[in-house]
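The values are calculated or read from the model by the stated rules, or taken from the named source; none is laboratory data. Quantities reported herein were computed from a predicted structural model and do not represent experimental measurements. Cβ coordinates were reconstructed from backbone atoms using ideal geometry, including for glycine residues, and neighbour counts include every protein chain displayed. SASA here: full protein model, heavy atoms, side chains in, ligands and nucleic acids out. Shrake-Rupley method; radii C 1.70, N 1.55, O 1.52, S 1.80 Å.
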Amino acid sequence: MSETFEGGCSCRAVRYRMTSRPLFVNCCHCTWCQRESGASFALNAMIEADRVELVSGEPEAVMTPSNSGKGQKFWRCPKCRVALWSNYAGAGDLVNFVRVGTLDEAGRFPPDIHIFTSTKQPWVVLPPGTPAVPEYYDRKQYWPAESLARREAYMRKKP
Ligand SMILES: [Zn+2]
Ligand SMILES: [Zn+2]
């Protein structure tokens, strides 16, 4: 049996469960993520959408402009409006970018990589030992083989 990880919004109307570990965790320092979070970066755990189960409630999709121009679909609690995860244009609805801060045990998912560090806030000091790239990256270079294999499987479902 694989591990499961629960999370949810602030008012607890929406609760969800990841049914395995994520594929990879991006810490994004782009200016879009800074604005959306109101903070210095966004921490996203990428995981197959069918490995995110709703335990209670139902998040609502809000289309939000994105750097690519294609928009990003944010899934928010309909009551307290906290964003739980989002879908980007690339893998679309097949992959959820779960906002790590909404997981009950957020500290278990440190970044696997820091991206868009060219626009990071100057006071943010990156830890040694974690890959960091000025913009985006080639996933074949950084993702573990197991996650790449999982990607092959979900990309086959892409319409
Ligand atoms: Zn809520
Ligand atoms: Zn970003």
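Taking the Cα centre of region 71-159 as origin and charging only Cβ (+1 Lys, Arg; -1 Asp, Glu), how large is the dipole, in debye to the nearest 20?
It works out to roughly 400 debye.
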**For the chain, built as a Gaussian network whose Cα springs stay under 10 Å, the top-fluctuating residue of A145, A89, A13** = A145
**Request:** Whole number in Å², please: accessible area per residue of region 1-148, 1.4 Å probe, ligands, DNA and RNA not counted.
**Result:** 51 Å²
**Fill in**
Ranked by GNM mean-square fluctuation in the chain (Cα springs under 10 Å), the top entry among P65, P128, P22 is P128
**Item:** Rounded to whole Hz, the Karplus (6.51, -1.76, 1.60) HN-Hα couplings of region 114-124, x for glycine and proline
**Value:** 9, 10, 6, 6, 5, 10, 5, 5, x, 7, 6
**Request:** Pick out, from C11, Q121, N87, the residue whose Cα sits farthest towards the positive end of the charge dipole of region 1-128, with +1 on the Cβ of Lys and Arg and -1 on the Cβ of Asp and Glu.
**Result:** Q121
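Accessible area of the chain with a 1.4 Å probe: how many percent of it is carbon plus sulfur?
So the carbon and sulfur contribution to the accessible surface is 54 percent.
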**Phi to ³J(HN,Hα) by Karplus 6.51 cos²θ - 1.76 cosθ + 1.60 over region 127-133, Hz, x for Gly, Pro** = x, x, x, 10, x, 9, 10
**Item:** W85 long-range amide H proximity, modeled H, under 5 Å
**Value:** W75, R99
**Message:** Quick check for the chain: number of Lys pairs with alpha-carbon distance under 27 Å, counting only pairs 8 or more apart or on different chains?
**Reply:** 12
**Request:** For I113, list long-range residues whose amide hydrogen, built 1.01 Å from N in the peptide plane, is under 5 Å from its own amide hydrogen.
**Result:** V25, C27
**Asked** Assigning unit charges at the beta carbon (Lys, Arg +1; Asp, Glu -1) and nothing else, what dipole magnitude in debye, to the nearest 20, does region 1-112 show about its Cα centre?
**Response** 340 debye
**Item:** Vicinal HN-Hα couplings computed from phi for region 51-67 (Karplus, 6.51 cos²θ - 1.76 cosθ + 1.60; Hz; Gly/Pro x)
**Value:** 9, 10, 9, 7, 9, 7, x, 8, x, 10, 7, 10, 6, 10, x, 9, 4
**Fill in**
Scoring region 84-155 by relative contact order with C-alpha pairs under 8 Å, at least six apart, yields a percentage of 25 percent
**Asked** Taking amide H positions as placed 1.01 Å from N in the peptide plane, with prolines and chain starts having none, which residues 5 or more places from V14, or on another chain, fall under 5 Å of its amide H?
**Response** C9
**Item:** Top of K79, K140, K120 by mean-square fluctuation, Gaussian network on the chain, Cα under 10 Å
**Value:** K140
